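Working notes, structure below.
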Amino acid sequence: ETRTSFKQLAQVCETETDRERQIKLVFDEVALYEYARCEAADDDILSHLLHSMQVFPRSKTIQCYGAGILWKVSLFSQEWKDKIVSLDGIRIVCECLKFNIQCHKCCQHCCWLLSSLAYKNYSRCEVIAQCNAIELITDMLKLHSKHVYVLEAGFSVLNNLSLKRELTGSDSNEMMIANEESQRRMQIDSLGGVQLLADALQIHKNKKFVVRKAVSALSYLCIGEEEIFEKLIERGSLKDIFCVLETHTKDKKVSRNCLALLGHILNNPKLLLQVLRGYSQNPAVLTYFYEMIARNLETDKFDEDWRNQFGQLILENIEMVLSHTSNGLLTTHALSCKNAMQKKEQQ
């Protein structure tokens, strides 16, 4: 019965003149979903669907339904994903996004499909980038900056395009791949993607799913590219990360990604000093880092070279803060950090 409805859909795409009305009548989302879950990828059905989307790029009904079907079937297996890609699906869905960028639903479906295809797959990420998707998505995010469902979907694509592969030494092309990944992250930043992600932490800080995707994407972008991290610190976005961490303390995914960003600062003395100096008027930020520095010193996570090179600079920063602050909690943690530094020096 499900296969029959698929064949009807294929025939409608080929024969009917009032395509939007007929596709709406024939299309059964539940049936399609169940079919994709149970059956192998079907060339005939997918090619009809993609052909219809290609022939009618400005038909919102066909584009919405088409991208929605492709997104859902892509979730079930690599075979479905490979088939979509082999039928030029990435280019077609990018065209769909381009022509229907004003439509919230089209934007969501296209982005969730691209996110699904991009996830942990280097070759598909490259195809997506080559189809101008990063520029399209950043334009879309600027246009729909207040629409949380569009933001969540768009941020999900940026997140998956920003992933940094672990170098294993087993692939002779690893350095080339790492360079292309870096170029993608820098392109996201140059097109305003990092600023959009940072703005979302402030504007939509109470929207859990938007924040979850934004923080995750920022963690991959910043940890992959120190230059991006430095600019984020200069923009003052750390205070928003702390605010998000405090607002979503029970959300493990948000907390994990916030802490990954903050942990990366602790392990990078250059960034750490930049934060301590740049946030000298922000007790919450200073308190957190003084507490974590003291804890890491006590557990020997900072080696002797780290202490010899940066210990004195951090002590000077602490003395400066102590001479200006009246915040009791900050004073307590600053003194604790100072004592831990001095204790290590005496050992």
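Quick check on residue 343: is it over 19 Å from residue 269 (Cα atoms) and charged (D, E, K, R)?
yes
Please work out which residue is most open to solvent (accessible area, probe 1.4 Å), limiting yourself to region 231-274 and to residues that are among the hydroxyl-bearing types (Ser, Thr, Tyr) and in a helix (DSSP H, G or I).
The extreme case among them is 247.
Please go through region 113-136 and give me each residue that is buried (at least 22 other Cβ atoms within 10 Å of the Cβ) and out of contact with any Ser or Thr (no Cβ under 7 Å at 6 or more places or on another chain), ordered by number.
114, 118, 125, 128, 133, 136
Has region 202-223 got at least one residue that is out of contact with any helix residue (DSSP H, G or I) (no Cβ under 8 Å at 6 or more places or on another chain) and farther than 22 Å from residue 118 by Cβ? Lay out the reasoning, then the answer.
As a first pass, look at region 202-223 and keep what is out of contact with any helix residue (DSSP H, G or I) (no Cβ under 8 Å at 6 or more places or on another chain): 203.
With the extra rule that they be farther than 22 Å from residue 118 by Cβ, the set shrinks to 203.
Yes, region 202-223 contains a residue that is out of contact with any helix residue (DSSP H, G or I) (no Cβ under 8 Å at 6 or more places or on another chain) and farther than 22 Å from residue 118 by Cβ.
Picking from 298, 291, which residue would you name as being in contact (Cβ under 8 Å) with a residue 12 or more places away in the chain and in contact with a Cys (Cβ under 9 Å, 6 or more places away or on another chain)?
291
Kindly establish whether residue 178 is open to solvent by 10 Å² or more (accessible area, probe 1.4 Å) and among the aliphatic types (A, V, I, L, M).
Yes.
Just a yes or no: is a residue in region 96-111 crowded, with 23+ Cβ neighbours inside 10 Å, assigned to a helix (DSSP H, G or I) and either in contact with a Ser or Thr (Cβ under 9 Å, 6 or more places away or on another chain) or without any contact (Cβ under 8 Å) to a residue 12 or more places away in the chain (or both)?
For region 96-111, residues crowded, with 23+ Cβ neighbours inside 10 Å, assigned to a helix (DSSP H, G or I) and either in contact with a Ser or Thr (Cβ under 9 Å, 6 or more places away or on another chain) or without any contact (Cβ under 8 Å) to a residue 12 or more places away in the chain (or both): present.
Checking the condition farther than 15 Å from residue 65 by Cα, within 19 Å of the chain's Cα centre (by Cα) and part of a loop (DSSP other than H, G, I, E, B), which residue from 115, 145, 123 passes?
Result of the check over 115, 145, 123: 145.
The values are calculated or read from the model by the stated rules, or taken from the named source; none is laboratory data. Bear in mind the structure is a predicted one, so any value in this text is a computation, not a measurement. Cβ atoms come from the backbone with ideal geometry, glycine included; neighbour counts cover every protein chain shown. In case anyone asks, the SASA skips ligands and DNA or RNA and just uses the protein heavy atoms, side chains included. Shrake-Rupley method; radii C 1.70, N 1.55, O 1.52, S 1.80 Å.
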